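Down below is the structure, laid out as structure tokens.
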There are 4 protein chains.
Amino acid sequence: MLFVGDVVGGLGRRTLLGLLPELRRRHEPTFVVVNGENIAGGLGITPKLADELLAAGVDAITLGNHTYRRAEINGYLDSGKPIVRPANYLTTQPGRGSCVVERDGIRLGVVNLSGNVFLRAGRVAFLEIDTVLAELEGKVDHVLVDFHAEATSEKVAMGWYLDGRVTAVVGTHTHVPTADARVLPGGTAYISDVGMTGPRGGVIGVKKEQAIASLRTHMNVRFETSEDDPWLMGVVIRAAERPMQAEAIEQVLQPWRPAPQAAGRS
Amino acid sequence: MLFVGDVVGGLGRRTLLGLLPELRRRHEPTFVVVNGENIAGGLGITPKLADELLAAGVDAITLGNHTYRRAEINGYLDSGKPIVRPANYLTTQPGRGSCVVERDGIRLGVVNLSGNVFLRAGRVAFLEIDTVLAELEGKVDHVLVDFHAEATSEKVAMGWYLDGRVTAVVGTHTHVPTADARVLPGGTAYISDVGMTGPRGGVIGVKKEQAIASLRTHMNVRFETSEDDPWLMGVVIRAAERPMQAEAIEQVLQPWRPAPQAAGRS
Amino acid sequence: MLFVGDVVGGLGRRTLLGLLPELRRRHEPTFVVVNGENIAGGLGITPKLADELLAAGVDAITLGNHTYRRAEINGYLDSGKPIVRPANYLTTQPGRGSCVVERDGIRLGVVNLSGNVFLRAGRVAFLEIDTVLAELEGKVDHVLVDFHAEATSEKVAMGWYLDGRVTAVVGTHTHVPTADARVLPGGTAYISDVGMTGPRGGVIGVKKEQAIASLRTHMNVRFETSEDDPWLMGVVIRAAERPMQAEAIEQVLQPWRPAPQAAGRS
Amino acid sequence: MLFVGDVVGGLGRRTLLGLLPELRRRHEPTFVVVNGENIAGGLGITPKLADELLAAGVDAITLGNHTYRRAEINGYLDSGKPIVRPANYLTTQPGRGSCVVERDGIRLGVVNLSGNVFLRAGRVAFLEIDTVLAELEGKVDHVLVDFHAEATSEKVAMGWYLDGRVTAVVGTHTHVPTADARVLPGGTAYISDVGMTGPRGGVIGVKKEQAIASLRTHMNVRFETSEDDPWLMGVVIRAAERPMQAEAIEQVLQPWRPAPQAAGRS
Ligand SMILES: [Fe+2]
Ligand SMILES: [Fe+2]
Ligand SMILES: [Fe+2]
Ligand SMILES: [Fe+2]
Ligand SMILES: [Fe+2]
Ligand SMILES: [Fe+2]
Ligand SMILES: [Fe+2]
Ligand SMILES: [Fe+2]
């Protein structure tokens, strides 16, 4: 399966859609899962954009702390579509924390979790995940957990905690890919952060001049999505025959060079 | 030059000293710089341990938020030895934020900075760095900045801010290596985090069972340094002839397999 | 009933025990409830100190973020004694979040809650309180909620949220008494913070020179409990005949002048 | 002198202007200083509103973390008018941290400071204040410091740190008045927080239903300024003949009952 990190803005979306055919040819993923929390102009997601991803063959969408930036997504999250928000958010918040998608006879559980350090989540990720996995038991062959968190301590600990119990734990949120992808001893593919899909030439998505100005002046600076140097960042995980086991995890870090005519289109 | 990420505890120290000869042969670094903020049992550094690093041929030591965990280091930091703590700490705090080391006729400025997000630093990194670079002007051929910070936004922004003005900006503190090492367009080698040197089998240095227990129970758990799976993580930066320019940055992620007799020694 | 704010260290304990007889005479409280999270040298509580409070006629003890500083209290918290830790902590953490004490035929429910802003609590105070109150329904005539929280927004909001549903919401944790004690329109006595019982001559309990040095130098400073100017801070709440209704709340801010021989004793 | 706490929104402004004549008659203050960081619809201040305060006889305006919410104030802050933002903000940020106002031959220095705990301020309050006081030396007879901070530890410590060196240290920011007003042993009038001027029937200014909904649902809730139960909160400080000495500090907590016709006007 292919998991793609936080898609940022229109450039991120174009990068994803532009590179997806090639990635499908090269890696032949059964499933494609995408973190979409930044797709709507850098913050949040709309029904239209979610539909566009699903229409492009994305099997499931995960989210994070920017889930509810666009209020119009709230109803969509409860519509049964394969889109998940952190499972350890409050039960009263729109949406659900896991879903099951099926392809070629394989059932994949997709789980979204939020860290509790530096982020606001109503329940504790390390407890909620046990509940979610108990619910998925018997209904899935493999499970992919997108752990949307800031602190590396939480992320690494979650990898160890779930090692052997899920097929993959992939971190998101920092928008910077880590160099620690590996299959842990218990058979779980792990990476602390897959990075983002969008402008590598900015500061985690924002125009670099604006990010620097904010840090140097402490004044309110209007943040716009950078348009520089689009890259797709993700991981390809090869699941084993045995449930909840991975054979390999491979990092995908690839620039997107739009064809000249494409550049002017969006 | 070789920069090695946060050396954690006795295992980290043995890993560094065990692998250093081989790394010197392979990369022939003119300078070796090491972040030592976690070398004393996981937190802080002592004069004895600092001396041990310098005696082993380390040219300069950088630190971070754990600088003052061991009070006995305070005087040492003011002794003129090539050890630096974040430059944007208060001027009244022991130690200095930059130093110059010379080898083979090349003068290297080593600067330590602390992030301001989620970390306590008395002054603003993005302003202090200008002061430090002005002071170093004319006294150095190359500059290495160790930016000890949590938030990726600060780190990436610092890379862009200093691009073309220093030879390298290397991030530390998260203990997880990132996969974004590159020479930026202005000629500055950059990586968001070089990772740590020590037990990859723990949770950023701590025994994994203890880290998980803390996150699952919210109780005070005594943290001990893990002894599992020692790795050295660092980067090798090849400086250009022109000052403040890098030609290449290469990530070093290498396990350490101590010789059997060595294992029982420490 | 009399509620006394965070008792800090030995001086706080002596102040409480020294003034309690006089306060009993003056206010004739049916119940005395005390926040004891700082009684053991400024941080935490021990079984011995809890027993001493109960032996002195304290009806119930509430706690807060320092609940587990002393591991020896853990078993005590589960022993059925009238001592409560925040109800919105994890169910696996030692202790319980509410208890019922009875005197003169009146049943008082005592509830402890932790804020979620700037403090770590496994569950959301504003949801957990509904569960707790449902459990207490029919078992109590009056309820006192000690909301141990930092942010005034949470505290004031909790007062309004519970107005008419409990007899009193009293805030603790900041160690500074607020001047907003009143009976809200729905009949609930409210105060944002009752303050602390102990050395008013320090900085929320700590020797003032040490607190200032820490803030001025950013260095690790050993904190000791101040011994200057002991005060008792609390509130007297007069409950109405009708359950969950208060008639009045009156602030108690009183210095303690130990008798000369007493001063040398502890 | 009369110091009035954070004036919140239009209701806060009307409350201040409505009660000011009576307070002038009762207390005959030489100076009136007002914290105006929330006067523009709850967040920030505009030149028009600042001018309105000054026209009403306010001698100086202090601010806080919401200083720059309205960009149109930036130029005004540099115009020499008696309006100050935290002195420990960056020197590049618009405005200045202290000013001197004179009346009846008495020169009053007004200083604004921001806390460093939970708030972003480019420099350390406990160091910057020494610089500011050195600059004011010889130019003022009395000094009023508005310390805009969240943590009680910082506030109480600042009171002790400045005791005897300034006439008054008054805390703001929490919007809840504290019950610890007193003249410290060195002669400095102190209070941890003077509270706010505006709707006591909300949650520190916001409509209570909205504040509760935000805390219970974790969803984005649009915050509007409450219109319930307007109060003015402040302190009256009587300065001594000797410079930098106060004789008394008295809390002012007073509801505003607008005349019927006035109610419909704004
Ligand atoms: Fe994101
Ligand atoms: Fe995120
Ligand atoms: Fe470290
Ligand atoms: Fe660190
Ligand atoms: Fe306390
Ligand atoms: Fe507390
Ligand atoms: Fe305010
Ligand atoms: Fe404020």
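The values are calculated or read from the model by the stated rules, or taken from the named source; none is laboratory data. If you're wondering where the values come from, they're calculated on a predicted model, not measured in any experiment. Note that we place each Cβ from the backbone using ideal geometry, even for glycine, and neighbour counts take in every protein chain shown. What goes into the accessible areas is simple: the full protein's heavy atoms, side chains included, and nothing from ligands, DNA or RNA. Shrake-Rupley method; radii C 1.70, N 1.55, O 1.52, S 1.80 Å.
Across segment C:176-193, which residue is farthest from the other protein chains (Cβ to nearest Cβ) among those that are open to solvent by 20 Å² or more (accessible area, probe 1.4 Å) and away from ligand 7 (no atom under 16 Å from the Cβ)?
Step by step, filter segment C:176-193, then rank; the result is C:183.
Do we find a residue being more than 16 Å from ligand 4 (Cβ to nearest atom), within 22 Å of residue D:118 (Cα to Cα) and not acidic (Asp, Glu) anywhere in segment B:127-139?
yes
Please go through segment A:122-142 and pick out each residue that is open to solvent by less than 20 Å² (accessible area, probe 1.4 Å) and either more than 16 Å from residue A:172 (Cα to Cα) or hydroxyl-bearing (Ser, Thr, Tyr) (or both).
Going residue by residue through segment A:122-142, those that are open to solvent by less than 20 Å² (accessible area, probe 1.4 Å) are A:122, A:124-126, A:129, A:132, A:136, A:140, A:142.
Residues satisfying the conditions are A:122, A:124, A:126, A:129, A:132, A:136, A:140, A:142.
Among the residues of segment B:147-168, write down those that are within 11 Å of chain A (Cβ to nearest Cβ), open to solvent by 10 Å² or more (accessible area, probe 1.4 Å) and out of contact with any His (no Cβ under 7 Å at 6 or more places or on another chain).
Selection gives B:153, B:156, B:160, B:161, B:163.
Taking the conditions exactly as written (under 18 Å from residue A:4 (Cβ atoms) and in contact with a Ser or Thr (Cβ under 7 Å, 6 or more places away or on another chain)), does residue A:193 satisfy them or not?
Considered against the rule, which asks whether it is under 18 Å from residue A:4 (Cβ atoms) and in contact with a Ser or Thr (Cβ under 7 Å, 6 or more places away or on another chain), residue A:193 comes out as yes.
Is it the case, given these coordinates, that residue D:12 is of a type outside the set (S, T, N, Q), over 26 Å from residue D:123 (Cα atoms) and open to solvent by 10 Å² or more (accessible area, probe 1.4 Å)? Lay out the reasoning, then the answer.
Details: of a type outside the set (S, T, N, Q): yes; over 26 Å from residue D:123 (Cα atoms): yes; open to solvent by 10 Å² or more (accessible area, probe 1.4 Å): no.
Considered against the rule, which asks whether it is of a type outside the set (S, T, N, Q), over 26 Å from residue D:123 (Cα atoms) and open to solvent by 10 Å² or more (accessible area, probe 1.4 Å), residue D:12 comes out as no.
Starting from residues that are touching a Gly at 6+ places or on another chain (Cβ under 6 Å) and among the charged types (D, E, K, R), keep the ones in segment A:155-191 and report whichever is nearest to ligand 2 (Cβ to nearest atom).
Once the filter is applied, the top-ranked residue is A:155.
Quick check on segment D:50-61. Is at least one of its residues touching a Ser or Thr at 6+ places or on another chain (Cβ under 7 Å) and closer than 29 Å to residue D:21 by Cα?
Scanning segment D:50-61 turns up no residue that is touching a Ser or Thr at 6+ places or on another chain (Cβ under 7 Å) and closer than 29 Å to residue D:21 by Cα.
Read through the list (1) surrounded by fewer than 23 Cβ atoms within 10 Å (Cβ to Cβ); (2) out of contact with any Phe, Trp or Tyr (no Cβ under 6 Å at 6 or more places or on another chain), then give the number of the only condition that residue D:196 fails.
Of (1) surrounded by fewer than 23 Cβ atoms within 10 Å (Cβ to Cβ); (2) out of contact with any Phe, Trp or Tyr (no Cβ under 6 Å at 6 or more places or on another chain), only one is false for residue D:196: (1).
If the Cβ limit is 9 Å and pairs must be 6+ apart or interchain, which residue in segment C:1-26 that is closer than 26 Å to residue C:207 by Cβ pairs with which residue that is of a type in the set (S, T, N, Q) and open to solvent by 50 Å² or more (accessible area, probe 1.4 Å)?
Within 9 Å, the pairs are C:10/C:266; C:11/C:266; C:13/C:266; C:14/C:266.
Could you list, in sequence order, the residues of segment A:189-205 that are in contact with a strand residue (DSSP E or B) (Cβ under 7 Å, 6 or more places away or on another chain) and without any contact (Cβ under 8 Å) to a residue 60 or more places away in the chain? If you could, list the steps in order and put the result at the bottom.
So the first thing to find is which residues in segment A:189-205 are in contact with a strand residue (DSSP E or B) (Cβ under 7 Å, 6 or more places away or on another chain), and the list is A:189-200, A:205.
The answer is A:190, A:192, A:200.
Starting from residues that are hydroxyl-bearing (Ser, Thr, Tyr) and in a loop (DSSP other than H, G, I, E, B), keep the ones in segment D:75-96 and report whichever is farthest from ligand 1 (Cβ to nearest atom). Spell out how you get there, then give the answer.
First, the residues of segment D:75-96 that are hydroxyl-bearing (Ser, Thr, Tyr): D:76, D:79, D:89, D:91-92.
Then keep just the ones that are in a loop (DSSP other than H, G, I, E, B); that gives D:79, D:89, D:91-92.
On the way: D:79: 41, D:89: 29, D:91: 34, D:92: 30 Å.
Filtering segment D:75-96 for residues that are hydroxyl-bearing (Ser, Thr, Tyr) and in a loop (DSSP other than H, G, I, E, B), the one farthest from ligand 1 (Cβ to nearest atom) comes out as D:79.
Do we find that residue D:203 is under 20 Å from residue C:161 (Cβ atoms) and at the interface with chain C (Cβ under 9 Å from one of its Cβ atoms) in this structure? Talk me through it step by step, then tell me what you get.
Working: under 20 Å from residue C:161 (Cβ atoms): yes; at the interface with chain C (Cβ under 9 Å from one of its Cβ atoms): yes.
Considered against the rule, which asks whether it is under 20 Å from residue C:161 (Cβ atoms) and at the interface with chain C (Cβ under 9 Å from one of its Cβ atoms), residue D:203 comes out as yes.
Answer yes if at least one residue in segment D:47-54 is among the basic types (Lys, Arg), in contact with a helix residue (DSSP H, G or I) (Cβ under 8 Å, 6 or more places away or on another chain) and more than 13 Å from residue D:34 (Cβ to Cβ), and no otherwise. Give the steps one after another, and end with the answer.
We begin by selecting, within segment D:47-54, every residue among the basic types (Lys, Arg); these are D:48.
Among the residues that remain, those that are also in contact with a helix residue (DSSP H, G or I) (Cβ under 8 Å, 6 or more places away or on another chain) are: none.
No, segment D:47-54 contains no residue that is among the basic types (Lys, Arg), in contact with a helix residue (DSSP H, G or I) (Cβ under 8 Å, 6 or more places away or on another chain) and more than 13 Å from residue D:34 (Cβ to Cβ).
From the list C:143, C:156, C:124, which one is in contact (Cβ under 8 Å) with a residue 60 or more places away in the chain and in contact with a helix residue (DSSP H, G or I) (Cβ under 9 Å, 6 or more places away or on another chain)? Write out each step before concluding.
Details: C:156 fails: in contact (Cβ under 8 Å) with a residue 60 or more places away in the chain; C:124 fails: in contact (Cβ under 8 Å) with a residue 60 or more places away in the chain.
Just one listed residue meets the conditions, C:143.
If the requirement is being part of a loop (DSSP other than H, G, I, E, B), surrounded by fewer than 24 Cβ atoms within 10 Å (Cβ to Cβ) and more than 9 Å from chain B (Cβ to nearest Cβ), which of these qualifies: A:236, A:221?
Details: A:236 fails: part of a loop (DSSP other than H, G, I, E, B).
Among A:236, A:221, only A:221 is part of a loop (DSSP other than H, G, I, E, B), surrounded by fewer than 24 Cβ atoms within 10 Å (Cβ to Cβ) and more than 9 Å from chain B (Cβ to nearest Cβ).
Among the residues of segment C:15-41, write down those that are crowded, with 24+ Cβ neighbours inside 10 Å, in contact with a helix residue (DSSP H, G or I) (Cβ under 8 Å, 6 or more places away or on another chain), over 20 Å from residue C:108 (Cα atoms) and not hydrophobic (A, V, I, L, M, F, W, C).
Of everything in segment C:15-41, just one residue is crowded, with 24+ Cβ neighbours inside 10 Å, in contact with a helix residue (DSSP H, G or I) (Cβ under 8 Å, 6 or more places away or on another chain), over 20 Å from residue C:108 (Cα atoms) and not hydrophobic (A, V, I, L, M, F, W, C), namely C:38.
Return yes when residue D:241 is touching a helix residue (DSSP H, G or I) at 6+ places or on another chain (Cβ under 9 Å) and over 20 Å from residue D:34 (Cα atoms) and no when it is not.
Spelling it out, it is not the case that residue D:241 is touching a helix residue (DSSP H, G or I) at 6+ places or on another chain (Cβ under 9 Å) and over 20 Å from residue D:34 (Cα atoms).
Which ones in segment A:201-210 are buried (at least 24 other Cβ atoms within 10 Å of the Cβ) and on the phi < 0 side of the Ramachandran plot? Reasoning before the result, please.
Pass one, segment A:201-210, residues buried (at least 24 other Cβ atoms within 10 Å of the Cβ): A:202-206.
Hits for segment A:201-210 are A:202, A:203, A:206.
For residues that are β-branched (Val, Ile, Thr) and more than 14 Å from residue A:147 (Cβ to Cβ), scanning just segment A:87-133, find the one that is nearest to the other protein chains (Cβ to nearest Cβ). Can you show your working first?
Filtering segment A:87-133 down to residues β-branched (Val, Ile, Thr) leaves A:91-92, A:100-101, A:106, A:110-111, A:117, A:124, A:129, A:131-132.
Restricting the remaining residues to those that are more than 14 Å from residue A:147 (Cβ to Cβ) gives A:91-92, A:100-101, A:106, A:131.
Numbers: A:91: 9, A:92: 6, A:100: 26, A:101: 27, A:106: 28, A:131: 13 Å.
Applying the filter and picking the extreme gives A:92.
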